[in-house]
């Protein structure tokens, strides 16, 4: 491992940062991994692991820099400790990229596996993204590669089949093709193996597998995906929905985080939301949405403000969805929940959802016995929250919907379960004030767009400080707000009236197929190696 390899690994990490908001140079995604693939060629296992880890650390340091603002300004942690937490996150998440690089160089590819140099990179990368989604606590699927293309609508439409994982697969496949072309610049009929250990030429690629054939294959797949995307977008434009539109108002109160739970500001906060709600009701809404924990009180137990909410819905004549903390007694213990309540115009609570996927170190502290100082990060200092159990679908006269609280929206399988349960559209309520004026709010809403495509449902999003928005089933952000402004947006959405998408029906099956094929590749290679 020399300076050149280290520089190439760092370059890949930097390119991966630049493809996401707020840089949004999404075209770089198609070449971002080429420097890393070049750096690890012919390296041993340890060097490959380290080079991949360097790329991963740079990648996640740049992507998650907003963590420092969250920890220092709102978690009240010293700035050095906030940077230390960021570094620990980057080091941990960087190992997913390190394992990707290690697996690529761990086993030499024999003659009959000439296509492995083309197919294994996207298969392994997709497998690692699935692991980053599924592994408890250490799994954090923020910034999966496919999200970088959220504005290129013609590319991302086939996510209704594969989920975001398919987009990531396609991007890495193109990176792999470009790398192989560069490595074989004279377009001979032999491809130098991507993974070689020892003397060059020990393992030759299969004759006839030329870079030209790989290029044509990659272009054909890319054209097929784009054609499918254009077809889906055109269908959405020309097909009229049999469903009656639902008119929704999204209230962005822009309440400062450090004032939100101060008793002196409670009345001011409530009146802000009340005035904005009544102004929205004059425009003929079906439902008005407040952000996550918008109510600075416990809606269930605060009789005064609960009654005022009931009075407000009567006056407005609209359904109101609001975020509020809630609790219940169980076996003598108080259980806390981050919840959403649906209140009807006739002052009835017609729906309640308790957040299922909690934020580690934000809403609960894993390994609490060993990390007592992290109590400072938990909102309001009120202790750990409990997980909700039910994928609740709520109903208003215009349709059925599910609620996603905060970063639940970044988990594809969680969202699809609501749609499988009958949700015709989704509502995301969040409080992105924690992110400050960083790129995180922009990254967050980019992931919402993919959830709309995967399940072909509209999604409305109310955020305390922004970005609030309305996203249609093609992932197009129809309306959006700026951050840290007090505003409301209104719009019509058409609840889903058609059958489930392939992704809604079968979930992450594409990613699991990638895992299976990766295992088959390696088992086959191992078996073939023993036979030699």
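Model label sites at residue 28 and residue 154, defined 7 Å from Cα along the beta-carbon direction, differ in position by 2.4 nm. The simple spin-label model puts a point 7 Å past each Cα toward its Cβ; for residue 315 and residue 509 those points are separated by 5.2 nm. Measuring nothing but how far apart in sequence close Cα pairs (under 8 Å, 6+ apart) lie, relative to its length, the chain scores a relative contact order of 16 percent. Length gained on full extension, residue 395 to residue 308: 29.1 nm, using 0.36 nm per residue less the C-alpha separation. According to the square roots a ≥ b ≥ c of the eigenvalues of the Cα gyration tensor, what is the shape class of region 431-532, taking rounded for a/c under 1.5, prolate for a/b larger than b/c otherwise, and oblate for the remainder? Oblate is the answer for region 431-532, as a/c is 1.5 or above yet b/c matches or exceeds a/b. When 516, 60, 297 are sorted by how many other C-beta atoms sit within 10 angstrom of their C-beta, beginning with the fewest, the order is 516, 297, 60.
Across all directions, the average flat footprint of the convex hull enclosing the Cα atoms of region 216-330 is 13.3 nm². Put in order of Cβ neighbour count within 10 Å, fewest first, the listed residues 352, 328 become 328, 352.
Here the label points at residue 137 and residue 330, each 7 Å from Cα along the C-beta direction, are separated by 2.0 nm in the simple model. Taking a ≥ b ≥ c as the square roots of the eigenvalues of the Cα gyration tensor, region 246-496 is rounded, since a/c falls below 1.5.
So how tilted is helix 116-134 from the main axis of the chain? Cα-based, degrees 0 to 90, rounded to 10. Roughly 30 degrees, rounded to the nearest 10.
Listing 30, 125 from fewest to most neighbouring C-beta atoms within 10 Å gives 30, 125. How far is the Cα center of region 12-78 from the Cα center of region 401-470, in Å? When both Cα centres are located, 24 Å separates them.
The length gained on full extension between residue 212 and residue 274, counted as 0.36 nm times the residue separation minus their Cα-Cα distance, comes to 15.9 nm. If R0 equals 35 Å, the separation of the Cβ atoms of residue 7 and residue 497 corresponds to a calculated FRET efficiency of about 0.05. With both residues required to sit in region 246-496, DSSP beta bridges show an antiparallel share near 65%. For the pair residue 45 and residue 516, the difference between a 0.36 nm per residue extended length and the Cα-Cα distance amounts to 167.3 nm. At 20 °C and 1.002 mPa s, what whole-number value in µm²/s does Stokes-Einstein give for the translational diffusion of region 323-364, with Rh from the Kirkwood sum over Cα pairs? Reported coefficient: 182 µm²/s. Angle between the Cα long axis of helix 211-238 and the longest principal axis of the chain, 0 to 90 degrees, nearest 10? Here the helix axis deviates by roughly 20 degrees. Computed over the alpha carbons of the chain, Rg followed by Dmax gives 24.8, 81 Å.
As I understand it, the value is the acute angle between the Cα axis of helix 45-63 and the longest principal axis of the Cα atoms of the chain; what does it come to in degrees, rounded to 10? Between helix and principal axis, roughly 30 degrees.
Read the figures in this text as sums done on the coordinates, not as results from a lab. Everything numeric here is computed off the predicted structure, so don't read it as measured data. Positions of Cβ are generated from backbone atoms using ideal geometry, with glycine treated the same way; all protein chains shown enter the neighbour counts.
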